[in-house]
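**Q** Quick one: the structure is below, and I'll ask about it shortly.
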Amino acid sequence: MFLRIDKLQIELPQSPEIDPPAAANVQELLGGRFGEMSTLMNYMYQSFNFRGRSSLRPYYELIANIATEELGHIELVAATINSLLNGPR
C-alpha cells in the first residue's frame, strides 16, 4: 500500500530557462538501463514475490521500503525534467 501526498519531498530549484538538452540528460536518469524506473521495478518485483515474509520480516520491510522510496525518486526526477522543459513560471 502506498500513501501519496500531493507535495514533493523537497523544494526543487526552478530552471532559469528552458533547457531541452539538459532535460534529455536527466531523462536518462529516469528511464535508462540503470535509471530510477529500472530500480523501482527490481525492488517492487522482489517485494511482491518475497517468500517467508513472517520469518524474515526485517528484510522484507527493507526491500519494500526501498521500492517505495524509488517512487519518490521518480517523482522528483520527472519534476526536474518538467522544470527544464517549461522554464521559469
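The values are calculated or read from the model by the stated rules, or taken from the named source; none is laboratory data. On a predicted model such as this, the values are computed, not experimentally measured, just so you know. Positions of Cβ are generated from backbone atoms using ideal geometry, with glycine treated the same way; all protein chains shown enter the neighbour counts. Heads up: the accessible areas ignore ligands, DNA and RNA and are worked out on the full protein's heavy atoms, side chains in. Shrake-Rupley method; radii C 1.70, N 1.55, O 1.52, S 1.80 Å.
**Q** Kindly indicate the residue of segment 48-70 that is in a loop (DSSP other than H, G, I, E, B) and open to solvent by 100 Å² or more (accessible area, probe 1.4 Å) and also modelled with the lowest pLDDT among those meeting that condition.
**A** Residues of segment 48-70 in a loop (DSSP other than H, G, I, E, B): 49-56.
Now drop any that are not open to solvent by 100 Å² or more (accessible area, probe 1.4 Å), which leaves 51, 54.
Numbers: Arg51: 93, Ser54: 90.
Top of the filtered list is Ser54.
**Q** Still on this structure, please answer the following. Residue under question is Glu61, and the condition is that it be acidic (Asp, Glu) and closer than 16 Å to Arg4 by Cα; does it hold? Write out each step before concluding.
**A** Details: acidic (Asp, Glu): yes; closer than 16 Å to Arg4 by Cα: no.
No: the conditions fail for Glu61.
**Q** Only one of these is open to solvent by 100 Å² or more (accessible area, probe 1.4 Å) and within 12 Å of the chain's Cα centre (by Cα): Gln9, Gln14. Name it.
**A** It is Gln9.
**Q** With (1) under 25 Å from Ser83 (Cβ atoms); (2) open to solvent by less than 50 Å² (accessible area, probe 1.4 Å); (3) modelled with pLDDT of 90 or more as the list, and Gly32 as the residue in question, which single condition is left unmet?
**A** So the condition that Gly32 fails would be (3).
**Q** For segment 66-81, give me each residue that is in contact with a Phe, Trp or Tyr (Cβ under 9 Å, 6 or more places away or on another chain) and without any contact (Cβ under 8 Å) to a residue 60 or more places away in the chain.
**A** Across segment 66-81, the qualifying residues are Ile66, Ala67, Glu69, Glu70.
**Q** Something else about it: Out of (1) surrounded by 12 or more Cβ atoms within 10 Å (Cβ to Cβ); (2) of a type in the set (Asp, Glu); (3) in a loop (DSSP other than H, G, I, E, B), what's the single condition that is false for Glu75?
**A** (3)
**Q** Something else: Pairs please, first residue from segment 8-21 and under 16 Å from Gly87 (Cα atoms), second anywhere and open to solvent by less than 100 Å² (accessible area, probe 1.4 Å) and part of a loop (DSSP other than H, G, I, E, B), Cβ atoms under 7 Å, 6+ apart in sequence or on different chains.
**A** Qualifying pairs under 7 Å: Gln14/Pro88; Ser15/Gly87; Ser15/Pro88; Pro16/Pro88; Glu17/Gly87; Ile18/Gly87.
**Q** Determine, yes or no, whether Leu85 is over 16 Å from the mean Cα position of the chain (by Cα), open to solvent by 60 Å² or more (accessible area, probe 1.4 Å) and hydrophobic (A, V, I, L, M, F, W, C).
**A** yes
**Q** Go through (1) surrounded by 12 or more Cβ atoms within 10 Å (Cβ to Cβ); (2) more than 12 Å from the chain's Cα centre (by Cα) for Met41 and report which single condition fails.
**A** (2)
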